[in-house]
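Encoded as structure tokens, the structure appears first; notes follow it.
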Amino acid sequence: MSERGTTKFQINLRRHLRERGVDPDLIHLICEIAKSSNYVINAIRTGDLGVAGTSNLYGEKQLALDVLADRIVTKRLKHSGVVGNVFSEEADDIICMSENCDGLYSVAFDPLDGSSIVDVNLAVGTIVSIFKGCNLLQPGRKQVAAMYILYGPRTTLMYSTGEGVHEFGMNQLMEYTLINENIQIKPKATLYSPGGLRNLFTPAIEEYVRQLELDGCKLRYSGGFVPDINQVLIKGTGIFLYPHLQGQPNGKLRLSFELNPMAFLVEQAGGAASDGHGPILDRIPETKDERAPIFIGCREDVAMAEEIIGRYSE
Ligand code: F6P
Ligand code: MN
């Protein structure tokens with residue numbers, strides 16, 4: 001593993017993908033998505049906060065940042081020429097970019113996750129899941145790649161094509177160069193990030209969180225899924241949960257464009273991701289916007305969640 005922040009490696013994203021023998025069309029797609037982040041980051045940094053329906057400096061109608069990010073990424077996907085179907089968190093329906101998907105890729109993405117915390121200047125991100133062919137309602141285990149881009153004080157990109165997880169940082173030329181490769185997560189968490197209202201926790205989740213605290217886990221929750229998962233991967237420890245809640249049996253987060261790509265990345269780093277009963281990546285989504293509870297991060301803590309939930313039969 002490289003030392004973070006050194007200039008030892010100047011390997012850019014395209015070269016890294018090529019050296020791993022990734023299909024040239026998939027390389028093209030991943031690099032196009034990476035390129036779209038140049039425009040998204042610019043919108044985040046320089047745009048008015050973009051409350052939809054308001055006007056900017058020039059009297060032009062403003063788009064909310066998440067809508068803008070959606071347009072930027074969707075346009076890039078369309079122009080890539082290698083994309084069949086698309087699920088976007090911002091679109092109501094599936095977007096069909098090509099009638100014949102033979103040899104093409106399909107993409108599910110959340111253009112700007114955490115858009116509700118962008119106004120307070122906390123970190124947000126773009127999350128992407130990639131399948132071969134047309135079908136986006138497949139188990140996440142069939143993903144051929146997953147990635148996210150994190151817009152924090154620095155912009156970083158994390159990707160996996162099923163051969164480890166690798167982190168890149170955006171340099172002054174707005175190109176991604178390698179920071180960290182083959183990231184690994186330890187078996188046991190020392191941090192925990194719990195989403196959801198505590199007074200809606202079920203008895204099993206109450207016990208689980210109590211046990212994490214007894215085990216010495218510190219609370220570290222940013223309110224953004226991308227920075228919270230990035231924390232687990234970069235620190236190499238931690239557990240994120242957005243559990244089933246009383247009256248909200250499926251939690252909050254969406255399987256296709258939030259949970260599946262993160263579960264793919266975390267499993268690739270030696271961690272685990274469960275809905276409380278089994279691996280997230282084995283679920284077959286029935287609809288585009290299907291939600292599921294999630295326990296993701298260090299494998300011993302994911303196993304503990306399944307054990308406690310099983311005991312309470314929740
Ligand atoms: O997109 C959903 C999201 O904003 C995630 O980024 C984050 O993990 C979660 O919701 C936070 O939810 P809550 O505000 O309920 O803690
Ligand atoms: Mn989201």
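The values are calculated or read from the model by the stated rules, or taken from the named source; none is laboratory data. Everything quoted here is computed from the prediction, not taken from an experiment. For neighbour counting, all protein chains shown are included, and Cβ atoms are generated from backbone atoms with ideal geometry for every residue, glycine included.
Would you be able to say whether some residue in the stretch 128-149 is free of Cβ contacts under 8 Å to residues at least 24 places away in the same chain, away from ligand 2 (no atom under 16 Å from the Cβ) and in contact with a strand residue (DSSP E or B) (Cβ under 7 Å, 6 or more places away or on another chain)? Taking every residue of the stretch 128-149 in turn, at least one turns out to be free of Cβ contacts under 8 Å to residues at least 24 places away in the same chain, away from ligand 2 (no atom under 16 Å from the Cβ) and in contact with a strand residue (DSSP E or B) (Cβ under 7 Å, 6 or more places away or on another chain). Scanning the stretch 234-284 for residues that are assigned to a helix (DSSP H, G or I) and β-branched (V, I, T) yields I234, V266, I280. A count restricted to the stretch 86-104 and to residues that are assigned to a strand (DSSP E or B) and either under 19 Å from the mean Cα position of the chain (by Cα) or within 16 Å of ligand 2 (Cβ to nearest atom) (or both) stands at 3. Of everything in the stretch 213-240 that is in contact with a Leu (Cβ under 9 Å, 6 or more places away or on another chain) and among the aliphatic types (A, V, I, L, M), the residue that is nearest to ligand 1 (Cβ to nearest atom) is V226. Scanning the stretch 1-21 for residues that are at pLDDT 55 or above and among the small types (G, A, S) gives a single hit, G21. Taken over the stretch 134-170, the residue count meeting the criterion of being over 12 Å from the mean Cα position of the chain (by Cα), under 15 Å from I30 (Cα atoms) and among the β-branched types (V, I, T) is 4. Scanning the stretch 226-233 finds no residues that are over 28 Å from S313 (Cβ atoms), outside the structural domain of Y148 (by TED's automatic domain parsing) and outside any helix (DSSP H, G or I).
Of all the numbered requirements in (1) more than 11 Å from ligand 1 (Cβ to nearest atom); (2) in a loop (DSSP other than H, G, I, E, B); (3) aliphatic (A, V, I, L, M), V107 misses one, and that requirement is (2). From the list R220, R198, the one residue that fits, being of a type in the set (K, R) and under 18 Å from the mean Cα position of the chain (by Cα), is R220.
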